[in-house]
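Right, one structure below, let's go through it.
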Amino acid sequence: MRGKVTLYVSPTGGPSPGSSPLPKWAPWGGWCLYARTRLGYLFYQRQVKKARERYPHGHSAPQPCRFPGVKILPIPVLSNNYSYLVIDTGSGRAAVVDPSDPLAVQAAIEEEGVMLEAIFCTHKHWDHSGGNAALHQRHSSCKVYGILHPTSHPKVSVGCLTFEALATPGHTVGHMVYVLDGGPFGGPPCLFSGDLLFLAGCGRLFEGSPETMLASLDVAVGLGEDTLLWPGHEYALECLTFASLLELDNPALEQKLRWVTQQRQEKRSTCPSTLGEEQSYNPFLRTHQPELQAALGMRRDGGEHPDAFRARVLKEVRRRKDLYKAT
Ligand SMILES: [Zn+2]
């Protein structure tokens, strides 16, 4: 079942406070400060500056994806985030997803010569929302979309393109994903997943239960196997390596890991994958698979609802992933 949402259109384009991923190295302590405060915003700004110095051309080589009438341009920002410029090539109108580094996104807008009509914000964390205000200031006629209340089913048009916003809580309470309808250009749907779903991974459960995250991941899977996944971070190598330690005998996983390893050696982006592929190796989408359950040593209790069991499996995979990253 799809989450129902009403989009919040910000009159000012101002970002809501927040941040991600967990900055363990923050000298002044945990992510709550980073997520909620002015101090967090200053920290984010410093990270943007440092990333620009460290990766003057971005952390990965962007590879544009084209369909008749549409161009999707991943923009590598910060140390592992992606913003996406989505262009209706016929009209030159464009939307951007999570423009965390407004300078990098503005450069892409100018290079492409397009008019920015919409900013789609997946969630409040600064490394996704922090560029909204600056970019909106430059493009005052564009609208900034994000979450407010779960009541209706909004769609947003940008030129010939149609985006649908879906509520996908779990990583944060107000997390949203955006789905570009592939119908008008004869292509697959495109899912801009923010920190809900990564290649072989999912976002940390900062503000949601495993049950909530499971339901949100099911919303994504419901979009169909041919859907292209455009995630908020370049985490593929780390996530796949972790997954390969869980499922030791999964040919699809091994094959993807080989490909991703090579891509990353050449600093190439690993997106997009498809949701069909993801279901063959992403442990967070495989909670129903006996192979994964066995690998975790988990069994469904008598009388336990299958979804309750899947949520338990998800919780365990997430716990192990958090430990894996901490080491
Ligand atoms: Zn986040």
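Using only the Cα atoms, what convex hull volume per residue in Å³ does region 170-263 have?
Spelled out: Cα convex hull of region 170-263, divided by residues, is 113 Å³.
Please identify, among A215, A167, A294, the residue showing maximal mean-square fluctuation in a Gaussian network model of the chain using a 10 angstrom Cα cutoff.
Residue with maximal mean-square fluctuation among A215, A167, A294: A294.
If you fit an axis through the alpha-carbon atoms of helix 102-112 and take the longest principal axis of the Cα set of the chain, what angle between them do you get, 0 to 90°, nearest 10?
Helix 102-112 sits at roughly 70 degrees to that axis.
Given the -39500 (n - 2.57) contribution per DSSP H run of 4+ residues, what per-residue ellipticity at 222 nm results for the chain, rounded to the nearest 500 deg cm²/dmol?
It lands at -11000 deg cm²/dmol.
Straight-line reach from K49: which lysines fall under 21 Å, measuring Cα to Cα and dropping same-chain residues less than 8 apart?
By straight Cα distance, K49 reaches K24, K124, K267.
Ordered by residue, what ³J(HN,Hα) values in Hz, to whole numbers, does region 277-291 give under the Karplus form 6.51 cos²θ - 1.76 cosθ + 1.60, where θ = phi - 60° and Gly and Pro are x?
Per residue, the Karplus-derived 3J(HN,Hα) values read 4, 4, 5, 8, 9, 7, x, 6, 9, 10, 5, 8, 7, x, 4 Hz.
Net charge within 13 Å of P251 by Cβ-Cβ distance, Lys/Arg positive one each and Asp/Glu negative one each, not counting P251 itself?
Spelling it out: positives minus negatives among the neighbours equals -3.
Can you find, among L135, Q279, Y178, the residue sitting farthest towards the positive end of the charge dipole of the chain, where Lys and Arg contribute +1 and Asp and Glu -1 at Cβ?
L135
What is the dipole size for region 251-292, taken about its Cα centre, with +1 at each Lys and Arg Cβ and -1 at each Asp and Glu Cβ, in debye to the nearest 20?
Result for region 251-292 is approximately 220 debye, rounded to the nearest 20.
Nearest 5 is fine: what % of DSSP beta bridges in region 7-326 come out antiparallel, could you say?
75
Near K315, which lysines are there with a Cα under 16 Å away, not counting those fewer than 8 places off in the same chain?
Cross-link targets: K325.
Based solely on C-alpha atoms, express the radius of gyration and the Dmax of region 239-327 in angstrom.
Values for region 239-327 (Cα only, Rg and Dmax): 14.2, 50 Å.
When we measure straight from the Cα of K155, which aspartates and glutamates land under 12 angstrom away, once same-chain ones fewer than 8 places off are left out?
E164, D181
When all C-alpha to C-alpha distances in region 78-201 are sorted into bins of 5 Å, what percent of pairs does each bin hold, rounded to whole numbers?
Reading the bins upward from 0: 2, 11, 22, 24, 22, 14, 5, 0.
To test your reading of the geometry: what angle, between 0 and 90 degrees and rounded to tens, separates the Cα axis of helix 38-54 from the longest principal axis of the chain?
With both axes taken from Cα atoms, the answer is about 90 degrees.
Working from Cα positions, state the angle (0 to 90°, nearest 10) between the long axis of helix 251-265 and the longest principal axis of the chain.
Orientation of helix 251-265: about 40 degrees from the principal axis.
Using only the alpha carbon atoms of the chain, find the Kirkwood hydrodynamic radius as the inverse mean reciprocal pair distance, in angstroms to one decimal.
One over the average 1/r among Cα pairs gives 19.9 Å for the chain.
Dipole size in debye (nearest 20) for the chain around its Cα centre, Lys and Arg Cβ +1, Asp and Glu Cβ -1?
Approximately 920 debye in magnitude.
Report, to the nearest whole %, how much of the accessible area of the chain belongs to carbon and sulfur atoms, 1.4 Å probe, protein only.
Carbon and sulfur atoms account for 55 percent of the accessible area of the chain.
Hey, got the dipole for region 44-177? About the Cα centre, +1 on K and R Cβ, -1 on D and E Cβ, debye to the nearest 20?
With Lys and Arg at +1 and Asp and Glu at -1, about 240 debye.
For region 200-244, restrict the atom set to alpha-carbon positions and state the Rg and Dmax in Å.
Spelled out, the Cα radius of gyration and Dmax of region 200-244 are 11.7, 30 Å.
The values are calculated or read from the model by the stated rules, or taken from the named source; none is laboratory data. Bear in mind that the values here come from a model prediction, so they are computed numbers and not experimental data. Every residue, glycine among them, receives a Cβ derived from its backbone with ideal geometry; neighbour counts consider all protein chains shown. Just so you know, the surface numbers come from the protein's heavy atoms only, side chains and all, with ligands and any DNA or RNA stripped out. Shrake-Rupley method; radii C 1.70, N 1.55, O 1.52, S 1.80 Å.
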